[in-house]
């Protein structure tokens, strides 16, 4: 089952909440099973590496760096066994290419009207627009449920042309971002030496590393990303003991 959630921006944080949900104590949940998500039949997963399963997918509308999760499990006293137990969490920037954040365990709800959820996993600032929670098992019931999920996040600002600052003697521009074929990086150095260019994928694995020999006053253009699959990446530029980092996104060709 796929559900789309709203996004509330508060001081650069995002909080995902269910539509139409309001009460005097916003962190408390009712004890009605219909005040949340319920799945009683498996369905094909948006992530093709996952089998048909019970899952919920959140679409945040744009790419965010995702951090601390808070979980409210299924809180109906008659169906506490419907609550998700062991889950797999995947994320994606485009809904096509998926990456795994890991397997986690959600605590069982209390079944009380004072239930205020539990701290969930920290997602380590992964970058994603889509968050997929797949139930691996539950607490013994025939159906699978989840009352609410919240996650803190910071919007990833992506522009077509970006000036990369903080490399003292090198003016760097990258464009376009996001890109479908390749991205151009224009270097206008006011000094001479080697600039190291490193690309990491969303799981922190180094994808490429190269050096650009810079000569004072000679502009140089370097193409990046032609051989990369679609997804989110981190671009690191290192010069003279200092480095800057930018998030870049390669999209599927349309």
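Checking each residue in segment 219-254 for being in contact with a strand residue (DSSP E or B) (Cβ under 7 Å, 6 or more places away or on another chain), assigned to a loop (DSSP other than H, G, I, E, B) and farther than 15 Å from residue 97 by Cβ picks out 219, 240.
Of the listed requirements (1) more than 23 Å from residue 252 (Cβ to Cβ); (2) under 24 Å from the mean Cα position of the chain (by Cα); (3) in a strand (DSSP E or B), residue 107 misses just one: (3). For segment 159-171, the criterion of a residue being at positive phi and at pLDDT below 85 is satisfied by at least one position. Tell me yes or no: at least one residue of segment 68-75 is at pLDDT 90 or above, in the same structural domain as residue 130 (by TED's automatic domain parsing), more than 30 Å from residue 177 (Cα to Cα) and touching a helix residue (DSSP H, G or I) at 6+ places or on another chain (Cβ under 7 Å). Yes - at least one qualifying residue is present in segment 68-75.
In the set (1) closer than 25 Å to residue 205 by Cα; (2) modelled with pLDDT under 90; (3) part of a strand (DSSP E or B), residue 96 fails one condition alone, (3). Just so you know, in segment 223-242 the residues that are exposed (fewer than 15 other Cβ atoms within 10 Å of the Cβ) and either farther than 27 Å from residue 129 by Cα or not assigned by TED's automatic domain parsing to the domain that holds residue 181 (or both) include one that is nearest to the chain's Cα centre (by Cα), and it is 242.
Residues in segment 202-229 that are under 26 Å from residue 180 (Cβ atoms) and touching a residue at least 40 places away in the same chain (Cβ under 8 Å): 202, 203, 223, 224, 225, 226, 229.
Is one or more of the residues making up segment 112-124 in a strand (DSSP E or B) and either crowded, with 20+ Cβ neighbours inside 10 Å or not assigned by TED's automatic domain parsing to the domain that holds residue 65 (or both)? Yes, because at least one residue in segment 112-124 is in a strand (DSSP E or B) and either crowded, with 20+ Cβ neighbours inside 10 Å or not assigned by TED's automatic domain parsing to the domain that holds residue 65 (or both). The residue that is nearest to the chain's Cα centre (by Cα), counting only those in segment 75-87 that are under 30 Å from residue 202 (Cβ atoms) and crowded, with 20+ Cβ neighbours inside 10 Å, is 87. Condition first: surrounded by fewer than 18 Cβ atoms within 10 Å (Cβ to Cβ) and either in contact with a strand residue (DSSP E or B) (Cβ under 6 Å, 6 or more places away or on another chain) or assigned to a strand (DSSP E or B) (or both). Now tell me which residues in segment 169-188 satisfy that. Hits for segment 169-188 are 171, 173, 175, 182, 184, 186, 188. Screening residue 191 against (1) outside the structural domain of residue 70 (by TED's automatic domain parsing); (2) assigned to a strand (DSSP E or B) leaves a single unmet condition, (2). Regarding residue 55, is this residue in contact with a strand residue (DSSP E or B) (Cβ under 7 Å, 6 or more places away or on another chain), buried (at least 23 other Cβ atoms within 10 Å of the Cβ) and in the same structural domain as residue 119 (by TED's automatic domain parsing)? Taking the combined requirement at face value, the residue satisfies it.
The values are calculated or read from the model by the stated rules, or taken from the named source; none is laboratory data. The structure displayed is predicted, hence computed values, not measured ones. FYI the Cβ positions are ideal-geometry reconstructions off the backbone, even for glycines, and counts take in every protein chain you see.
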